[in-house]
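Working notes, structure below.
The values are calculated or read from the model by the stated rules, or taken from the named source; none is laboratory data. These numbers come from a predicted model, not from an experiment. Cβ placement follows ideal geometry from the backbone for every residue including glycine, while neighbour counts extend to all protein chains displayed. Ligands, DNA and RNA are stripped out before the accessible areas are found, and what is left, the full protein with its side chains, is counted by its heavy atoms. Shrake-Rupley method; radii C 1.70, N 1.55, O 1.52, S 1.80 Å.
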Amino acid sequence: MTSASLDLRSSGSYGSLQQQQFQNGGSPFQASPPVPPRKPPKMFKEKEGLFLWICKFAPRKKIGMMLLCIVSAAVFLWVLYVGKGEDTQELIMSMNSGVFPPDTGQIRHIDSIEKNDVGKIASIESPPPPPLTYFKGYILPPGNPCEGFTLPPPPADKKRTGPRPCPVCYLPVEQAIALMPDAPSFSPGVSSLTYIHEENLSKSEFGGSEFGGYPSLMQRNDSYDVRESMSVHCGFVRGARSGHQTGFDIDDSNLLVMESCRGVVVASAIFGAFDLIRQPQNISEYAKGNVCFYMFVDEETENFLKNSSELDSSMRIGLWRIAVVHNLPYDDPRRNGKVPKLLLHRLFPNARYSLWVDAKLELVVDPYQILERFLWRKNASFAISRHYRRFDVFVEAEANKAASKFDNASIDFQVDFYRKEGLTPYTRAKLPISSDVPEGCVIIKEHIPISNLFTCLWFNEVDRFTPRDQISFAIVRDKIREKTNWTLNMFLDCERRNFVIQGYHRDVLERWPPPPPPGAIAVVHPPPPVIDETLPNVSASSFVTSPVKKIPTKRGRERKSRRHRKVIPG
């Protein structure tokens, strides 16, 4: 028996024997008869002589130190290997694991002391919490069709040079749902993210809004200093609850349903009745019952939908649940659309994943297949397609100015500001970064602190500068990458066009002629042949019977007419 077990038992069960006798009255030796003194045995004399010898020679020539070491080693070995040392080790292991083995009287006794005699012995510490687990990705099993899938070369169609979809290898819906991670992805650099709430606002150096909180340039720079615990501006600064008395206000009934979305969210928005509602296609029954499909509209769009008999009292149009937004923070509908586009994690605080789709797009692939292909299989927490043609921010800014997407002076000011902060034109030296310009009409995101921080800071740039989010994307990404090893998935634009079909805005569609009634056969007549009267001895019948290659083209006629203009004056 170990010394530890002896002490515990003497203080617990054995030590109570004398107390019980004292309580019954009298001395504990009252009933025992006197015992005559006995002659000490010979063994005792030998031990006593050894003890006197030790006391005599211990102070001499460092013998005492040697004896002390020998005694200490003997005691240590006796405690370690004698007296049920296995039970002691079993006790320590069981205390660390929190599981006590059966049929161990010592362990049961310690448990009773811990519960009953708390003042006599220190309580046993609870085991430390288990370490957090994170999703680390997976590899498709050998033989899976998507394992070695490569993009085929683009079709050699000279008549079509613009962007087009390309094939994408999706897993079946059942397999994609089964591969949904049980744990969140690791968030490098930041593990706790909170959002600033302010009531008394003061304007900063330039830009900003009451909805965004007017963060100063010092606060902007501090928000890019990524650390474990952060508090940043992220819209909704005047309300304790996102969507409630903050600007961009939503009815409480919708907010309750939005807070109950704990899985996947598919969201879009229409402001200013700018687009038509397009229904998602090829959606599985599991996704219809578990994915939250939300369409945010303003009051103008709500009235348009009601007048067109698309919206009734159920506030549903197909799969979309319509959420009407009141008190919009901006006058520009496109800038208002950046609120749900970049801040879905604030509107759906309990959701794990979100898929943003612009209203001009029609979703034609199941959301779980998209998440598996572009997030889970790539072990990424943020995915966005890159622009099909432009890769450089400065080129993108000039294209926005040429298309009159926003005020040219504001675009120049923003680009010059980023250039002074170190933004450079895109070159191959930036690889593996494949582009600085995204096609921001689709955003696939996991709601973890680092990806939430990215979209918060991206929104702050849109709030301070122009609403052209393609210009501010690269500066936010690069500043976060300077502090962390976080990477995002920028996939091909042709892959994006595989799961969404791009349509036209409502004003363009309304200018088109109405389609023919169903059942009517549209007869398309070929254009009449063009006869060049300048050619001699050529009749109309010759154009019908002669081969096509002998028919002069328009370019040939123009070239020949120019030749005549040069020759005739001579």
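With a simple spin-label model that places each label point 7 Å from the Cα along the Cα-to-Cβ direction, the separation between K288 and S231 comes to 4.7 nm. All C-alpha pair distances within the stretch 307-390, sorted into 10 Å bins from zero, spread as 12, 37, 38, 13, 1 percent across the bins.
Which residues' amide hydrogens lie under 5 Å from the amide hydrogen of R321, considering only partners 5 or more residues apart or on another chain, with H built in the peptide plane? Residues meeting the criterion, in which the H sits 1.01 Å from N, are F293, Y294, M295. With each label modelled as a point 7 angstrom along the Cα→C-beta vector, the Q245-R389 pair spans 4.9 nm. Roughly speaking, what is the centre-to-centre gap between the stretch 379-403 and the stretch 132-169 when only Cα atoms are used, to the nearest Å? Comparing the Cα centres of the stretch 379-403 and the stretch 132-169, I get a distance of 21 Å. The order of the peptides 179-186, 133-140 by mean Cβ neighbours within 10 Å, most packed first, is 179-186, 133-140.
Calculated translational diffusion coefficient of the stretch 191-286 (25 °C, 0.890 mPa s; Stokes-Einstein with Kirkwood radius over alpha-carbon pairs) equals 149 µm²/s. With the full set of protein chains in place, find how many percent of the accessible area of the stretch 348-454 is carbon and sulfur; take the probe as 1.4 Å. Carbon with sulfur: 51 percent of the solvent-accessible area. The value given for the stretch 444-497 is a Kirkwood hydrodynamic radius of 12.2 Å, derived from the mean inverse Cα-Cα separation. Derived value for the stretch 149-244: Kirkwood hydrodynamic radius 18.6 Å. Basis is the mean of 1/r over every pair of different alpha-carbon atoms. Seen from E199, the other residues with C-beta closer than 12 Å to its C-beta sum to a net charge of -1, counting Lys and Arg as +1 and Asp and Glu as -1.
Computed over the stretch 369-424, the Cα gyration tensor eigenvalues convert (square root of 5λ each) into semi-axes of 31, 15, 9 Å, ordered from largest to smallest. Using a simple spin-label model with pseudo-atoms 7 Å out from Cα toward Cβ, R428 and D312 lie 6.1 nm apart.
Ranked by the mean number of other Cβ atoms within 10 Å of their residues, highest first, the peptides 466-472, 314-320, 476-482 fall in the order 466-472, 476-482, 314-320. Computed from the C-beta positions of R419 and T133, the FRET efficiency with R₀ = 51 Å rounds to 0.75.
Geometric descriptor of the stretch 235-341, per residue, is 109 Å³ (volume of the convex hull of the Cα atoms). Legend: residue pairs K288/K338; K338/K405; K341/K401; K420/K479, Cα-Cα distance threshold 18 Å; pairs beyond threshold, K288/K338; K341/K401. Extension gain, D182-F149: 0.36 nm per intervening residue step, less the Cα-Cα distance, totals 9.2 nm. The simple Förster model, with R0 at 25 Å and r as the Cβ-Cβ distance, assigns S216 and K378 a FRET efficiency of 0.10. Direction-averaged projected area, Cα convex hull, the stretch 232-297: 6.0 nm², rounded to one decimal.
Packing here is the average count of other Cβ atoms within 10 Å per residue, and on that basis the peptides 193-199, 380-386, highest first, run 380-386, 193-199.
Using R0 = 41 Å, the C-beta based FRET efficiency linking S191 and A156 works out to 0.20. Please label the shape of the stretch 411-475 as rounded, prolate or oblate, based on the square roots a ≥ b ≥ c of the eigenvalues of the alpha-carbon gyration tensor (a/c under 1.5 means rounded; beyond that, a/b larger than b/c means prolate, else oblate). Judged from the Cα gyration tensor, the stretch 411-475 comes out oblate (a/c at least 1.5, b/c at or above a/b).
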